[in-house]
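The structure appears below as structure tokens.
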Amino acid sequence: MKKISKKVWMIMMAVIAAAALSAAAVTAFKDKKQENAAYTPIEDGNIPVAYMEMGGRQMNRLHGFLEDRREWADRGNLTVLPKDRKLTVDFYNLDSRITGIQYEIRSMEDESLIERTVVKDWHQDEGAAEAVTILPIQNLIDKAEEYILTLAIATENQPEIYYYTRIVWTDDAYLEPMIQMAETFSDNTFHYEKASDLTTYLETDPAADNSSLGRVTLKNSFDQMTWGNLSLEKTGDMEMELKELQGNMATLCLSYVAATAGEQGEDSGETQEEQDREYYDITESFTMKWSSQRIYMMDYERTMNQIFDGGSEQYSGKRIMLGISDSHGLQELRSPNGEYQAFVVNRELWMYSRADSQSTRVFSFRQSETDEMANLQDYGIKLLSAGDDGTVDFLVSGYMSRGSHEGGVGVSLWRYEKGTNTLTERLYLPANESSEELLMGMDTLSCLSSSGTLYLLMGNTVYSVDTASRQAQVLAEGMTEENFAVSPGQERIAWQDGEDLYDSRSVHIMDLETGKSAQIKAPEGSSIRLLGFVGGDLVYGLAEENSSVKVNGRTVQAPMYALEIVGKDMNLQTRYEKEGVYITDVEIEGSRVHLQRMTRVGDSYMTAGADTLVCNEEVEEDSMEGIFGFRCCLSLFLGFC
């Protein structure tokens, strides 16, 4: 193992263990949900949000960062400047007066500075939580070219808050009608009498899945596009974001909360109480192409996720009804004795206790069912362990919109203890990567061993962190999809030595539960290539050194003359080798290893078809095996038996 680098040491110096949050259950959402649900609190957000004005609309909500880290913003959204380049920016949720505003513009290509300007004028009424300013962007940028805009403000309570967006200055007038079309399309889905206009854009496919409203595209039926048998209405404000604009092509994203419409009581004629409504997070993505005759809908996708509230109506026998969902991010983990069941739904962590038939909302950045943060998807939750005493360990990764790390990007390790109803942050690792990169790393590798060692992939580096001492080590750097592999259950990892994928001399393998590592070296005159895992068994190939051939005019680097599989005990389980046959590509699918092969004929090579190895290794089942689709009710169920 490598010693900890200076960069990692600086990161780990910032690792903290936060104090336990309040142990008392707090009232959340609606009183009626207290029948069988308890809640743990997270501090409200204090960082203001910013909106860019485009075409008379507030668009591209920007969340603030407390450090100037452009890499955190990734590509973000795109703001189209007005013709005079005077960009209006609106701020909301200010907790104090603004004391200064500055912006800078940099090249997308090399981040070279184009302009840096101190803004002298802005408007904020005394004591108001809102403000508006105009950025007087100079004539130093080229039309139709994208740039990075960094906007920084200072307030009486916050010395620095940074916002990021891409900007473009263009004479094209395509965007405005496409924005109008997206709004009209979305609104018409809620009004059946107007919805017939949508048929112009539908590409209904009989093979499309119309069993759930969780994900809807143009290939779905008209009934699916108009919400099936649900009577819905939008609640609160709709957020609109421009993702891309290339000539006459644009990609727009709408997000909002919708709720079941009120029903009239039989006697009173009054609308049903708000607490009886069901709420849903909705996201719509439009890709459109403008022409002088019409606007073409090139692609459309709508996702729908019911906001789980723990109310008694969401329990039926031995099932927890999660409601309509696109299934993204759903997780479930049970304690060994089956007494407790932790599950993640719609980026919220809940735990169900059999003993008291109570569900607890353990962690959420959402503060109400109509919270404007509802569709913020720049963070994720990963379940790590669930104990028989009601203890749950989990990670929160990405942009921190609330709590003690608000305005930062990083990874937090949390522990919830049912006995005292306390939520404690055990570690916080600030990150250099964007939220998107962190979430990808967390999905690839985030494992907590029984001895308390946390293993993480952050960026291209694998870390191990002792949660007791909060000491970190770098296990491997420069990891990519080609030279790094994780077993399906995340109990083992492997990586190649060297920078050349086709010229490695050894592969390292590590058991994350025991912490033991081993090394597999290539035979003399051969190189070794990591291929992946079948369950917990490692698969790798052997090739002759510095070998490359051409097949059908395409150069194939280091064709493998043999494939080997070793078990958890590091003993050889299988060796595939055939005279004159070389392996050019390998795909692992469950317990099957698919091989693409070629043979040598004289001085040339030709393809030799495919072959498949079927392994006896038991591959871990999906962690959400308790979820079932129910076609009639368009719901998902999480079973506990």
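Could you state the number of Å between the C-alpha centres of segment 414-437 and segment 558-603?
42 Å
With 28 Å as the limit, write out which pairs from Lys86/Lys243; Lys516/Lys578; Lys318/Lys382 have Cα-Cα distances beyond it, or answer none. Before the final figure, lay out the partial values.
Values: Lys86/Lys243 21 Å; Lys516/Lys578 34 Å; Lys318/Lys382 24 Å.
Among Lys86/Lys243; Lys516/Lys578; Lys318/Lys382, the Cα-Cα distance tops 28 Å for Lys516/Lys578.
Just reorder Arg75, Arg215, Arg361, Arg347 by solvent-accessible area, largest first, 1.4 Å probe, all chains present.
So, going from the largest accessible area down, we get Arg215, Arg75, Arg347, Arg361.
So what J values fall out for segment 182-197 if you push phi through Karplus, 6.51 cos²θ - 1.76 cosθ + 1.60 with θ = phi - 60°, rounded to Hz, Gly and Pro as x?
Those phi angles translate into 4, 5, 5, 4, 4, 5, 5, 5, 8, 10, 4, 5, 9, 5, 4, 5 Hz.
Non-local amide H neighbours of Gln490 (under 5 Å, H modeled in plane, Pro and chain starts lacking H): which ones?
none
Work out the P(r) tail for segment 440-496: percent of alpha carbon pairs separated by more than 16 Å, whole number.
It works out to 37 percent of all Cα pairs.
Starting from the Cα-Cα distance between Thr514 and Asp44, subtract it from 0.36 nm times their residue separation and give me the gain in nm to one decimal.
Values: separation 470, 0.36 × 470 = 169.20 nm, distance 3.99 nm.
In short, 165.2 nm is gained.
Given the protein chains as shown and a 1.4 Å probe, how many square angstrom of His123 are accessible, to the nearest 10?
100 Å²
Amide H of Leu87 versus every other amide H placed in the peptide plane: which residues, excluding those fewer than 5 positions away on the same chain, fall under 5 Å?
Leu135, Ile137
First select every other residue whose beta carbon is under 10 angstrom from the beta carbon of Leu252; then total the charges, Lys and Arg +1, Asp and Glu -1. Don't skip to the end; give the middle numbers.
Numbers: positive: Lys243; negative: Glu183, Glu241, Glu244, Glu284.
Around Leu252, the surrounding residues sum to -3.
Tell me the accessible surface of Lys234 in square angstrom (1.4 angstrom probe, heavy atoms of protein chains only), to the nearest ten.
Accessible area, nearest 10 Å²: 60 Å².
Find the all-direction average of the projected area of the Cα convex hull for segment 286-395, expressing the result in square nanometres with one decimal place.
Directional mean of the projected Cα hull area for segment 286-395 stands at 9.3 nm².
Please compute the per residue accessible area over segment 83-214 with all protein chains in place, 1.4 Å probe, rounded to a whole number of Å².
Per-residue accessible area for segment 83-214 comes out at 52 Å².
Testing the spin-label approximation: label points 7 Å from Cα along Cα→Cβ at Ser368 and Glu193. State their distance in nm.
3.2 nm
If segment 477-612 were replaced by its equivalent ellipsoid, with semi-axes equal to the square roots of 5 times the Cα gyration tensor eigenvalues, what would those be, largest first, whole Å? Walk me through the numbers on the way to the answer.
Values: eigenvalues 138, 50, 33 Å².
Over the Cα atoms of segment 477-612, the ellipsoid semi-axes are 26, 16, 13 Å.
Extension gain Glu589-Arg97, at 0.36 nm per residue separation less the Cα-Cα distance, in nm?
171.4 nm
Semi-axes of the equivalent ellipsoid of segment 66-113: what are they in whole Å, largest first, if each equals the square root of 5 times a C-alpha gyration tensor eigenvalue?
22, 17, 12
Given the Cα-Cα distance of Met321 and Glu145 and 0.36 nm per residue of separation, how much length would full extension add, in nm?
Additional length available on full extension: 58.5 nm.
Roughly how many Å² of Asp223 are accessible to a 1.4 Å probe, to the nearest 10?
80 Å²
Protein chains only, probe 1.4 Å: how do Ser404, Ser221, Ser527 rank by accessible area, largest first?
Ser404, Ser221, Ser527
Around Tyr399, under 13 Å between beta carbons, what's the net of Lys plus Arg minus Asp minus Glu among the other residues?
Overall, the nearby charge balance is -4.
When the Karplus curve 6.51 cos²θ - 1.76 cosθ + 1.60 is applied with θ = phi - 60°, which whole-Hz ³J(HN,Hα) does each residue of segment 111-127 get, with x for Gly and Pro?
My calculation for segment 111-127 gives 6, 5, 6, 9, 8, 9, 9, 8, 7, 9, 10, 7, 10, 8, 5, 4, x Hz in order.
Counting Lys and Arg as +1 and Asp and Glu as -1, what is the net charge of the other residues whose Cβ lies under 12 Å from the Cβ of Lys143?
Overall, the nearby charge balance is -3.
What FRET efficiency comes out for Asp125 versus Thr424 if R0 is 51 angstrom and r is the Cβ-Cβ distance? Round to the nearest 0.05. Can you show the working numbers first?
Details: r = 41 Å, r/R0 = 0.80.
Calculated transfer efficiency: 0.80.
Whole-Hz ³J(HN,Hα) for each residue in segment 85-90, computed from phi via Karplus 6.51 cos²θ - 1.76 cosθ + 1.60 with θ = phi - 60°, x for glycine and proline: what do you get?
After applying 6.51 cos²θ - 1.76 cosθ + 1.60, I find 6, 8, 8, 8, 10, 10 Hz.
Order the following by accessible area, largest value first: Trp290, Trp227. Probe radius 1.4 Å; ligands, DNA and RNA are ignored.
Trp290, Trp227
As an exercise, take the mean of 1/r over every pair of distinct alpha carbons in segment 288-338, invert it, and state the Kirkwood radius in angstroms. Working shown, then result.
Details: mean 1/r = 0.0664 Å⁻¹.
After inverting the mean inverse Cα-Cα distance, the result is 15.1 Å.
The values are calculated or read from the model by the stated rules, or taken from the named source; none is laboratory data. Predicted model, so just to flag it, every value in this text is computed and none were measured. When we count neighbours, we look across all protein chains shown, and the Cβ atoms used for this are built from the backbone with ideal geometry, even at glycine. These area figures cover heavy atoms from the full protein model, side chains too; ligands, DNA and RNA do not enter into them. Shrake-Rupley method; radii C 1.70, N 1.55, O 1.52, S 1.80 Å.
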